[in-house]
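Structure first, then comments.
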Amino acid sequence: MSSPALRLIVGLGNPGSDYSETRHNAGFWFCERLARELGVSFSRESRYHGLVAKTKADGRDLWLLMPQTFMNRSGQSVQALAHFFRIAPTEMLVAHDELDIPPGRLRLKFGGGLGGHNGLKDIASHLGTQDYWRLRIGIGHPGDKNDVVNYVLKPPRKEETCEIDAALDRALAAWPLLAKGDFNAATQRINSKPAAKKEEA
C-alpha cells in the first residue's frame, strides 16, 4: 500500500530569538531552509498558532508550519491547521531534533515511538495517533539524561553545527522525492550514512 502524498510539513522548535540557535530548534531550521528552497515566506497566522507558508507540490497545496506555542504545546498548532484543511496525520511530516542520533545523521520514518520528545508527544495527543512521518535530525546526546534539558536549549558546538548543516542539505536534496510521495527512495537517501570526509594532506 502506498502512502498518501504530503500536504503539511511541520518544523518543531521554540519561538523567539533566545531559542533560535538552540539544538531543540533543528526542526525550525529545516522548515526555514525548505521555505527558502521553495521560494515562499512565512506569515504569522494566529488561528493556527504559528508561522505558516503555502506553496504547491506536485500540483497540490502544501503547507509549511512552525508552531509558535513553545515545544510542549506544538500539537495545538498542528491540530488547528490540519483540522481546518482536513489534512490527515498520514499526510504530515514533522521535522524535529533527535537525541538518539549523532549530529550529521538523519532518519526518515513513519510512526513509531515518541522517544520522550515533548513536541511529538503533544502532537500525538492532539491528533490521537502516532502515525505520521517524522524527519529525525540528529543532535547527539549529552551522555547523562539529567543534562538533556540544558543540552537541547544550548547551541550546538561549531563542529556539530557543520555536521547538522550538511545533514539538512541532504534532507533538502531528497525533497523532490518526498514531494512526489516516493518515500522508499527518500528514506534510502536520507537514512544513508554520509560519505566520510577525506583527511587533508
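With respect to Ala26, is the statement that it is under 19 Å from Trp175 (Cβ atoms), assigned to a helix (DSSP H, G or I) and either modelled with pLDDT of 95 or more or open to solvent by 30 Å² or more (accessible area, probe 1.4 Å) (or both) true?
Taking the combined requirement at face value, the residue satisfies it.
Report yes if His141 is within 26 Å of Leu62 (Cβ to Cβ) and touching a residue at least 12 places away in the same chain (Cβ under 8 Å), otherwise no.
Spelling it out, it is not the case that His141 is within 26 Å of Leu62 (Cβ to Cβ) and touching a residue at least 12 places away in the same chain (Cβ under 8 Å).
Could you list, in sequence order, all residues of region 99-109 that are surrounded by 15 or more Cβ atoms within 10 Å (Cβ to Cβ) and closer than 12 Å to Arg134 by Cα?
Those that are surrounded by 15 or more Cβ atoms within 10 Å (Cβ to Cβ) and closer than 12 Å to Arg134 by Cα: Leu106, Arg107, Leu108.
Just give me the residues in region 110-134 being closer than 17 Å to His24 by Cβ, buried (at least 21 other Cβ atoms within 10 Å of the Cβ) and not β-branched (Val, Ile, Thr), in sequence order.
His117, Gly119, Leu120, Asp122, Arg134
From the list Ser77, Ser3, exactly one residue is over 14 Å from the mean Cα position of the chain (by Cα), open to solvent by 40 Å² or more (accessible area, probe 1.4 Å) and among the hydroxyl-bearing types (Ser, Thr, Tyr). Which is it?
When all the criteria are applied, what remains is Ser3.
Working only within region 144-173, note down all residues that are in contact (Cβ under 8 Å) with a residue 60 or more places away in the chain, of a type in the set (A, V, I, L, M, F, W, C) and in contact with a helix residue (DSSP H, G or I) (Cβ under 8 Å, 6 or more places away or on another chain).
Selection gives Val152, Leu153, Ile164, Leu168, Ala171, Leu172.
Does region 58-73 hold any residues that are in contact with a Lys or Arg (Cβ under 9 Å, 6 or more places away or on another chain) and farther than 22 Å from Asp182 by Cα, and which are they?
Pro67, Gln68, Asn72
Conditions tested, residue by residue: (1) on the phi < 0 side of the Ramachandran plot; (2) modelled with pLDDT of 95 or more.
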residue	(1), (2)
Leu135	yes, yes
Ile139	yes, yes
Gly143	no, no
Asn146	yes, no
Pro156	yes, yes
Glu160	yes, yes
Ala167	yes, yes
Pro176	yes, no
Ala179	yes, no
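Return the residue satisfying two criteria in turn: it lies in region 155-179 and is under 18 Å from the mean Cα position of the chain (by Cα) and assigned to a loop (DSSP other than H, G, I, E, B), and of such residues it is nearest to Thr22 (Cα to Cα).
Only one residue tops the list, namely Pro155.
Search region 38-57 for residues being open to solvent by less than 20 Å² (accessible area, probe 1.4 Å) and modelled with pLDDT of 95 or more, and hand back the single one that is nearest to Gly181 (Cα to Cα).
Ala53
The values are calculated or read from the model by the stated rules, or taken from the named source; none is laboratory data. Note that this is a predicted model, so its numbers are computed, not measured. Note that each Cβ is placed from the backbone with ideal geometry, even for glycine, and that neighbours are counted across all protein chains shown. Remember, those area values only see protein heavy atoms, side chains included, never the ligands or the DNA or RNA. Shrake-Rupley method; radii C 1.70, N 1.55, O 1.52, S 1.80 Å.
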